[in-house]
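Below is one structure, written out as structure tokens, with a few remarks after it.
The values are calculated or read from the model by the stated rules, or taken from the named source; none is laboratory data. Owing to the predicted nature of the structure, the values given are computational and were not obtained by experimental measurement. Every residue, glycine as well, gets a Cβ built from its backbone with ideal geometry; the counts of neighbours run over all protein chains shown. Surface accessibility is based on the protein's heavy atoms, side chains included, excluding ligands, DNA and RNA. Shrake-Rupley method; radii C 1.70, N 1.55, O 1.52, S 1.80 Å.
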Amino acid sequence: TINVSRHDLGTVGSTVADGTGHWTFDYSGTTLANGIYLFNAAASVGGSSSPYSADYAVTIDTTAPTVASINRLTPTFATITPSISSVVYRVTLTKQAYNVTAGAFALATTGDATGAVTGVSASSGTVFDVTVGSLGGQGDLRLEPASANGVIDAAGNPLAAGFPGGQVYTRAAV
């Protein structure tokens, strides 16, 4: 018999090892809040027990990353002229994220303003500089996460699309 314990509760159940010593324990019926949980196990046969195993840490993370801010980086001023062919936004997320690529972002525009997300560089795991190039026309340019952006955190929680609060560049005629 294998007795499984959780540090904050004590024994949470038991299971039986097969002939080769392999065993499994299903704890999926227990809802756990976000956090780190430590589990260990000890085998018992008759009246004898093994020492408890080393702790096995399980991290529960159901909190998705979100956009904290999207700000103008280069240039920092809001109104740009046709002589400026690209701009850079600084995107800050609430937690470390992965798969942050140019395809993870979309450009919302007004008027006949156009542009394309051409690159992303990471300043850290939560801060990304997003370049928008091929600028044309006149109107507002606002960066936002694309609807199917593929950005996830370490637990696989996806970044939500849309962020209406980002700073805008206004592309004006000379």
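PRE reach from Thr126 (point 7 Å along Cα→Cβ): which of region 145-174 fall under 20 Å by backbone N? Inside the label zone: 145, 151-167.
Our estimate of slack between Ala43 and Ile84, defined as 0.36 nm per intervening residue step minus the Cα-Cα distance, is 7.8 nm. Using a probe of 1.4 angstrom, how much of the accessible area of region 1-159 is carbon and sulfur, in percent? After summing per-atom areas, the C and S share lands at 54 percent.
In plain terms, the chain from Ala54 to Thr76 could stretch by 2.6 nm, reckoned as 0.36 nm per residue minus the Cα-Cα distance. Placing a label point 7 Å from the Cα of His7 along the Cα-to-Cβ direction, the residues of region 19-41 whose backbone N falls under 15 Å of that point are 35-41. Only Cα sites of region 52-108 enter the Debye sum here, all with the same form factor; the resulting log10 I(q)/I(0) across q = 0.28, 0.30 1/Å is -1.28, -1.34, listed in q order. Out of (1) 1.29; (2) 1.08; (3) 0.97, which label holds the value of Rg/Rh (Cα atoms, Kirkwood Rh) that was computed here? Answer label, from the structure shown: (1). Per residue, the accessible area of region 55-160 comes to 47 Å² when a 1.4 Å probe rolls over the protein heavy atoms.
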